[in-house]
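Following: one structure in structure tokens, then a few remarks.
The values are calculated or read from the model by the stated rules, or taken from the named source; none is laboratory data. Fair warning: this is a prediction, and the values are worked out from it, not measured in the lab. Here the Cβ positions follow ideal geometry from the backbone for every residue, glycine too, while neighbour counts run over all protein chains shown.
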Amino acid sequence: MDESGHIWVGHFDENPAGIRRWSATGRLAWTSDGAPIPGLFDCYALNVSGTAAWACPYTASHSSRCAPTAVTGP
């Protein structure tokens, strides 16, 4: 859960859902669909800091920052 009360979920095992951010009431607030980072659908690690999440997708093996406004990689 981030500091604004949103819940982040990182899916793995080649699940096309990728990373999702949900409101405290269960409303889908953000998705990683269309993110310019390959392999984001296979999230091996996810850590939340502030209102953003850091993810490590399997195929990329680097950390990527996921925020409601942008997704950035190395």
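Among the residues of the stretch 14-44, those that are modelled with pLDDT under 85 and of a type in the set (Gly, Ala, Ser) comprise ALA17, GLY18, SER32, GLY34, ALA35, GLY39. Inside the stretch 1-49, residues that are touching a Gly at 6+ places or on another chain (Cβ under 7 Å) and either over 18 Å from SER63 (Cβ atoms) or among the polar types (S, T, N, Q) (or both) make up a count of 5. Summed over the stretch 6-32, residues that are part of a loop (DSSP other than H, G, I, E, B) and either farther than 11 Å from VAL48 by Cα or of a type in the set (A, V, I, L, M, F, W, C) (or both) total 14.
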